[in-house]
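Heads up: the structure comes next, in structure tokens.
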């Protein structure tokens, strides 16, 4: 889905989740966020709000074992009958999503998540831009590399 040059993307013209993701992606790219951070932020938002679930398997005792083995999942307690969802909770964290998508900065993933959730809650455009603008000079400098 390409954004038409004549079409002005605002929060009022975004009705579907796909349009909102496209709008957020374009806005975040303009503010020097990487594709990995954007993808991880949207996935983290979906997992945190239970719109999507981490891949994994259940055993007969109701324990969940995550398929994505990141530091977050490996460092949490192993599932037991008393704590069957420990790996599921670890697989819903921003650090886990950042590691799965190879995003460099977990803070940026959290900002994208917050902006996406605010977009879904019909926040105005200025709020989203203000939220994502923090640290834009540093991100642009990091993108250019050492001079």
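Quick note: the coordinates plus some simple rules give every number you see, no bench work behind them. Everything numeric in this text was worked out from a predicted model, so none of it was measured. Note that we place each Cβ from the backbone using ideal geometry, even for glycine, and neighbour counts take in every protein chain shown.
Below, the figures for the structure above:
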item	result
The range 108-128, residues that are more than 18 Å from residue 32 (Cα to Cα) and free of Cβ contacts under 8 Å to residues at least 12 places away in the same chain	121
Number of the exception - residue 54 against (1) more than 12 Å from the chain's Cα centre (by Cα); (2) assigned to a helix (DSSP H, G or I); (3) within 24 Å of residue 18 (Cα to Cα); (4) touching a residue at least 24 places away in the same chain (Cβ under 8 Å)	(2)
Selection count, the range 129-146, where residues are in contact (Cβ under 8 Å) with a residue 24 or more places away in the chain, surrounded by fewer than 21 Cβ atoms within 10 Å (Cβ to Cβ) and closer than 18 Å to residue 21 by Cβ	1
Flag if residue 81 is out of contact with any helix residue (DSSP H, G or I) (no Cβ under 8 Å at 6 or more places or on another chain), part of a loop (DSSP other than H, G, I, E, B) and on the phi > 0 side of the Ramachandran plot	no
Of all residues in the range 66-75 being in contact with a strand residue (DSSP E or B) (Cβ under 7 Å, 6 or more places away or on another chain) and crowded, with 16+ Cβ neighbours inside 10 Å, the one that is farthest from residue 114 (Cα to Cα)	66
Hits in the range 84-99 (condition: crowded, with 21+ Cβ neighbours inside 10 Å and not in a loop (DSSP other than H, G, I, E, B))	87, 90, 94, 96, 97, 98
